[in-house]
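Down below is the structure, laid out as structure tokens.
None of the figures in this text is laboratory data; all of them are computed from the coordinates on show. In this text, all values refer to a predicted model and were calculated from it rather than measured experimentally. Because the Cβ atoms are built from the backbone with ideal geometry, glycine has one as well, and the counts that use them run over all protein chains shown.
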2 protein chains.
Amino acid sequence: MKLLKEKVINEGIVLSDQVLKVDSFLNHQMDPILMKEVGREFVRRFEGEDINRVLTIESSGIAPGIMTALELEAPLIFARKQKSLTLRDDIFVEKVYSFTKQESNEITVAKKFMKPGDRVLIIDDFLANGEAAFGLARIVEQAGAEVVGIGIVIEKAFQPGGRLLQEKGYRVESLVRIASLENGQVTFADEEDGI
Amino acid sequence: MKLLKEKVINEGIVLSDQVLKVDSFLNHQMDPILMKEVGREFVRRFEGEDINRVLTIESSGIAPGIMTALELEAPLIFARKQKSLTLRDDIFVEKVYSFTKQESNEITVAKKFMKPGDRVLIIDDFLANGEAAFGLARIVEQAGAEVVGIGIVIEKAFQPGGRLLQEKGYRVESLVRIASLENGQVTFADEEDGI
């Protein structure tokens with residue numbers, strides 16, 4: 001996605017070989033026009049899939065998620081992250097490990113918002129090791145619903161999440177795939193979109 | 001705002017005299033079409049105010065915030081909430097007490113995203129005691145920027161936040177004002193919109 005690649009090039013800050021900071025348009029400050037285009041692009045890529053729910057995780061997934069949901073005219077559910085949780089029978093819970101923060105969180109979705117037969121598109125801002133995406137997918141499956149696919153704004157393709165998700169049979173659509181952040185440079189994995 | 005009142009009546013769950021649960025369209029599952037209308041209504045109410053930044057707080061403020069920002073074609077910044085924080089000189093920090101959770105959080109905004117001369121619209125999903133709104137306003141003022149106003153999706157008008165903010169000179173626009181949740185019933189503070 002050309003507009004997004006330009007943003008990454010112009011505003012992304014390479015903090016290390018592993019970490020790209022995109023807080024000027026995705027993670028802290030957000031560009032609403034870009035987010036709208038991101039939503040449109042996800043819907044274009046998953047056209048014909050008859051999606052009736054969009055699922056994301058707080059906080060940075062909410063903006064691309066709500067724009068995708070708007071384009072689909074379907075509800076967005078955002079999973080909540082919590083350190084620990086009293087057991088309750090009205091929520092689905094999955095444990096998600098964050099390599100960045102080196103901590104586990106419980107992610108939760110109210111059972112009333114995810115039902116057998118639902119066709120769910122998972123949206124997230126970043127894909128690295130795939131922990132969050134796998135956690136969201138397990139929640140969809142706990143509900144007896146179907147994961148139609150996983151839409152990612154920026155994939156760090158040098159980390160294993162994308163490959164692992166595809167090996168499990170999930171369709172992953174990443175709007176931008178980064179092959180490397182070495183030497184302080186962003187190298188994209190696929191240049192077919194042009195830039 | 002008629003559409004929003006209808007949602008509150010049809011889907012809001014009165015948990016106690018103090019607590020209204022709106023997790024089917026605002027706090028967990030979100031209705032993107034409603035959020036778009038909410039954004040439009042905020043922009044209509046603050047028309048002519050020359051706003052160049054929208055500021056909200058994670059997580060439930062992000063959806064109404066990004067829709068407002070889209071309508072204004074201005075960036076959205078969402079303040080991050082953290083339990084505790086190492087002191088850093090590149091962020092504005094304010095302490096915010098949550099009466100609901102009975103805990104304090106630090107809320108933070110990167111200094112590079114808020115500058116003197118900025119005209120900032122603060123958006124949040126709920127207004128009760130006003131702690132979050134005051135914290136956001138103090139961050140805007142730390143930056144030397146101006147609070148144009150505060151847009152709230154649902155105000156619990158029987159709690160003091162709205163009055164306290166107005167006493168300090170802030171313009172508060174709440175799309176729905178709830179006068180009471182007594183006897184398991186939602187009573188609206190102003191019926192002038194009709195329903």
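Per-residue ellipticity at 222 nm for the protein assembly as shown, helices alone: DSSP H runs ≥ 4 residues times -39500 (n - 2.57), over residue total, nearest 500 deg cm²/dmol?
Dividing the helical sum by the residues of the protein assembly as shown leaves -8500 deg cm²/dmol.
Given an 8 Å cut-off on Cα distances and at least 6 residues of separation, report the relative contact order of the stretch B:94-156 as a percent. Don't skip to the end; give the middle numbers.
Working: 98 pairs, mean separation 24.3, N = 63.
This gives 39 percent for the stretch B:94-156.
What percent does the relative contact order of the stretch A:1-99 come to when contacts are Cα pairs within less than 8 Å and at least six residues apart?
Details: 92 pairs, mean separation 19.9, N = 99.
Relative contact order, the stretch A:1-99: 20 percent.
Could you tell me the calculated FRET efficiency between A:SER104 and B:GLU47, based on Cβ-Cβ distance and R0 = 56 angstrom, to the nearest 0.05?
Details: r = 47 Å, r/R0 = 0.83.
E(calc), rounded to 0.05, equals 0.75.
For A:GLU167 and A:LEU3, what does the FRET efficiency come to when R0 = 35 Å and r is the distance between their Cβ atoms, rounded to the nearest 0.05?
Efficiency computed from Cβ-Cβ geometry: 0.70.
About the Cα centre of the stretch B:128-194, what is the dipole size in debye to 20, counting +1 per Lys and Arg Cβ and -1 per Asp and Glu Cβ, all else neutral?
Taking the Cα centre of the stretch B:128-194 as origin, the dipole is about 260 debye.
Which parts of the stretch A:118-153 would a label at A:TYR97 reach, counting a residue when its backbone N lies under 19 Å from a point 7 Å out along Cα-to-Cβ?
A:127-139
Taking the Cα centre of the stretch B:35-108 as origin, work out the dipole magnitude from +1 charges on Lys and Arg Cβ and -1 charges on Asp and Glu Cβ, in debye rounded to 20.
Here the size comes out at about 320 debye.
What longest range of chain B stays clear of loop-exposed trypsin sites (Lys or Arg not before Pro) (DSSP non-H/G/I/E/B, at most 13 other C-beta within 10 angstrom)?
For trypsin sites (Lys or Arg not before Pro) (loop position, at most 13 other Cβ atoms within 10 Å), the longest site-free span of chain B is B:1-82.
Taking a 25 Å limit on the Cα-Cα distance, which of the listed pairs B:LYS5/B:LYS95; A:LYS101/B:LYS81; A:LYS36/A:LYS112 fall beyond it?
In this structure, B:LYS5/B:LYS95; A:LYS36/A:LYS112 exceed 25 Å between Cα atoms.
Which distance in Å, rounded to a whole number, links the C-alpha centroids of the stretch B:58-101 and the stretch A:117-195?
26
Sequence-distant or interchain residues sharing an amide H contact under 5 Å with A:GLU58, placed H: which?
A:ALA79, A:LYS81
Roughly how large, in nm² to one decimal, is the mean projection of the convex hull of the alpha-carbon atoms in the stretch A:50-92?
Average of the hull's projected areas for the stretch A:50-92 equals 3.7 nm².
Could you point to the residue in A:GLY169, A:ASN129, A:GLN142 farthest towards the positive end of the stretch A:105-195's charge dipole, with +1 and -1 charges on the Cβ of Lys/Arg and Asp/Glu respectively?
The residue sitting farthest along the positive end of the dipole is A:GLN142.
Can you give the mean number of other chain Cβ atoms that lie within 10 Å of the Cβ atoms in peptide B:110-116?
Averaged over the peptide's residues, the number is 2.
Please say if the stretch B:72-114 is rounded, prolate or oblate, where rounded means a/c under 1.5 for a ≥ b ≥ c the square roots of the C-alpha gyration tensor eigenvalues, and otherwise the choice is prolate for a/b larger than b/c and oblate otherwise?
oblate
Every other copy gets compared here: list the nm distances from the A:ILE9 label point (7 Å along Cα to Cβ) to its counterparts, shortest first, one decimal.
Result, one decimal in nm: 5.4.
Report the chymotrypsin sites (Phe, Trp or Tyr not before Pro) located in the stretch A:85-117 that are in a DSSP loop and have at most 16 other Cβ atoms inside 10 Å of their Cβ, or state none.
On the way: sites: A:PHE92, A:TYR97, A:PHE99, A:PHE113; in loops: A:PHE99.
Within the stretch A:85-117, the qualifying chymotrypsin sites (Phe, Trp or Tyr not before Pro) (loop, at most 16 other Cβ atoms within 10 Å) are A:PHE99.
Indicate, rounded to the nearest 5 percent, the antiparallel portion of the DSSP beta bridges found entirely in the protein assembly as shown. Write down the numbers at each step before the final one.
Working: 34 of 76 bridges.
Bridges in the protein assembly as shown are about 45 percent antiparallel.
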